[in-house]
Amino acid sequence: MNEKNIWIGVDLGGTNIRVAAVEDNGTIVQEIQQLTDAEKGSTTVPHLYRNK
């Protein structure tokens, strides 16, 4: 069996949320970026991905 390790990195910033899945060798498998609507306050962030 040839298993790969995938590492997940999350950046919860004030204006963006960024997520990346990366293999052990540094190859980026997938990246996602979402604006946080920072002007609406901190309650907006938890609801961005609830229904996706």
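List of remarks:
- Scanning segment 10-23 for residues that are at pLDDT below 95 and not hydrophobic (A, V, I, L, M, F, W, C) yields Asp11, Gly13, Gly14, Thr15, Asn16, Arg18.
- Some residue of segment 42-52 being assigned to a loop (DSSP other than H, G, I, E, B) and either at pLDDT 85 or above or among the acidic types (Asp, Glu) (or both): no
The values are calculated or read from the model by the stated rules, or taken from the named source; none is laboratory data. Model, not experiment: these values are computed from the prediction.
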